[in-house]
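The values are calculated or read from the model by the stated rules, or taken from the named source; none is laboratory data. Just so you know, these numbers come straight off a predicted model, no measurement behind them. A quick note on method: Cβ atoms are made from the backbone with ideal geometry, for glycine too, and the neighbour counts reach across all protein chains shown.
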Amino acid sequence: MSSYGALFSTAHVERGRYQEAIDAADEEIAADALDPEPVFNRGRALVGLLRFEEGTADLERAATMDASSSGMETWHLDDCYFESLRIWALEVGERDKARAMEILRRYLAVFPTGRHAGDLAKWQDHFDGVVKPWIRETV
């Protein structure tokens with residue numbers, strides 16, 4: 001924990017110092033195992049190091065924890081979780097499109113009515129090679 005209520009792991013993640021964020025989050029989790037914010041931060045840091053399996057597991061764990069007294073915002077977790085899955089799916093999709101969509105569908109298990117639930121169809125089209133033209137409508 002840092003001064004003024006901000007976690008050291010949060011500051012490290014925001015500065016792109018991912019290993020330092022992981023180390024700080026581990027200490028913060030040991031000090032307060034019920035706070036989802038350091039779990040969230042460790043997940044973001046692991047994803048930043050392209051350790052997707054571990055990182056998304058931490059983000060999923062943070063989503064199951066009570067955030068009512070935490071500094072973690074649920075909308076931020078929702079966005080970070082989807083973005084982490086999206087980046088992982090893009091990496092995997094070059095080799096295995098079915099696996100890429102399987103990764104993205106994990107989102108619905110955690111956030112069934114989340115902010116990005118409607119985005120899955122767009123990504124299915126992307127992996128299927130469907131290109132939809134964008135047309136600007138004029139008034």
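Hey, among Asp66, Asp78, which residue is of a type outside the set (A, V, I, L, M, F, W, C), touching a Phe, Trp or Tyr at 6+ places or on another chain (Cβ under 7 Å) and either in contact (Cβ under 8 Å) with a residue 12 or more places away in the chain or not in a helix (DSSP H, G or I) (or both)?
Exactly one residue qualifies, and that residue is Asp78.
For Glu20, are the conditions met, namely being in a helix (DSSP H, G or I), in contact with a His (Cβ under 7 Å, 6 or more places away or on another chain), under 19 Å from Phe8 (Cβ atoms) and not aliphatic (A, V, I, L, M)?
Answer is yes for this residue.
Quick check on my filter: what residues within the stretch 9-42 are among the charged types (D, E, K, R) and under 15 Å from the mean Cα position of the chain (by Cα)?
Result: Glu14, Glu37, Arg42.
Starting from the stretch 1-20, keep only residues that are more than 19 Å from Arg51 (Cβ to Cβ) and among the small types (Gly, Ala, Ser), then list their pairs with residues that are part of a loop (DSSP other than H, G, I, E, B) and at pLDDT 95 or above whose Cβ atoms are within a distance under 8 Å, requiring at least 6 positions of separation or different chains.
Hits for this filter: zero, empty list.
Against the condition among the hydroxyl-bearing types (Ser, Thr, Tyr), out of contact with any Ser or Thr (no Cβ under 9 Å at 6 or more places or on another chain), surrounded by fewer than 16 Cβ atoms within 10 Å (Cβ to Cβ) and modelled with pLDDT under 95, how does Thr64 come out, does it pass?
Values: among the hydroxyl-bearing types (Ser, Thr, Tyr): yes; out of contact with any Ser or Thr (no Cβ under 9 Å at 6 or more places or on another chain): yes; surrounded by fewer than 16 Cβ atoms within 10 Å (Cβ to Cβ): yes; modelled with pLDDT under 95: no.
Judged against the criteria, Thr64 is not a match.
Report whether or not Glu83 is over 12 Å from the mean Cα position of the chain (by Cα), modelled with pLDDT of 95 or more and not aromatic (Phe, Trp, Tyr). Let's see the steps before the verdict.
Details: over 12 Å from the mean Cα position of the chain (by Cα): no; modelled with pLDDT of 95 or more: yes; not aromatic (Phe, Trp, Tyr): yes.
So Glu83 does not fit the description; no.
Within the stretch 94-133, how many residues are outside any helix (DSSP H, G or I) and modelled with pLDDT of 90 or more?
Qualifying residue count, the stretch 94-133: 10.
Looking at (1) farther than 24 Å from Glu91 by Cα; (2) in contact with an Asp or Glu (Cβ under 7 Å, 6 or more places away or on another chain), which is the one condition that is false for Trp75?
Trp75 satisfies all of (1) farther than 24 Å from Glu91 by Cα; (2) in contact with an Asp or Glu (Cβ under 7 Å, 6 or more places away or on another chain) except (2).
Tell me yes or no: at least one residue of the stretch 43-62 is over 12 Å from the mean Cα position of the chain (by Cα), assigned to a helix (DSSP H, G or I) and touching a residue at least 24 places away in the same chain (Cβ under 8 Å).
No, every residue in the stretch 43-62 fails to be over 12 Å from the mean Cα position of the chain (by Cα), assigned to a helix (DSSP H, G or I) and touching a residue at least 24 places away in the same chain (Cβ under 8 Å).
Go through the stretch 63-80 and report how many residues are under 8 Å from the mean Cα position of the chain (by Cα) and hydrophobic (A, V, I, L, M, F, W, C).
Matching residues across the stretch 63-80 total 2.
Of the residues in the stretch 1-58, how many are surrounded by fewer than 24 Cβ atoms within 10 Å (Cβ to Cβ), among the small types (Gly, Ala, Ser) and farther than 28 Å from Val92 by Cβ?
8
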